[in-house]
Amino acid sequence: MSDQRPIVEEVLRFEELPSGALASRRTIVRWSDGTEGEAARWYHDEVLICEGDLIAKTREQIRALHFRCDRDWLRS
């Protein structure tokens with residue numbers, strides 16, 4: 001059986017989140033299965049995420065990227 005996890009085909013927008021949310025920014029993407037949805041949430045003063053970080057990545061790969069960025073920020 002082939003593993004067909006959807007990947008990010010297009011970044012639709014980056015959004016600011018309201019004060020009190022569990023993050024300050026998020027990105028909305030179009031997945032390869034045709035759905036649209038949130039790919040990541042983060043605090044803008046801790047993590048920098050750009051379109052190139054997301055294209056052709058699965059949810060799991062994006063989660064791992066976010067974890068590494070967060071870990072590196074905490075170590076700095």
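Listed values, structure above:
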{"read-out": "Between helix 59-75 and the chain: long-axis angle, C-alpha atoms, 0 to 90°, nearest 10", "value": "20"}
{"read-out": "Per residue, in Å², the accessible surface of the chain once ligands and nucleic acids are set aside, probe 1.4 Å", "value": "70"}
{"read-out": "Residue of Ala56, Ala64, Ala40 that the Gaussian network model of the chain assigns the largest fluctuation, springs spanning Cα pairs under 10 Å", "value": "Ala64"}
{"read-out": "Relative contact order, percent, the chain [alpha-carbon distance under 8 Å, six or more residues apart]", "value": "29"}
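The values are calculated or read from the model by the stated rules, or taken from the named source; none is laboratory data. Note that the structure is a prediction, hence the values are computed from the model and not measured. Note: areas computed on protein heavy atoms with side chains; ligands, DNA, RNA excluded. Shrake-Rupley method; radii C 1.70, N 1.55, O 1.52, S 1.80 Å.
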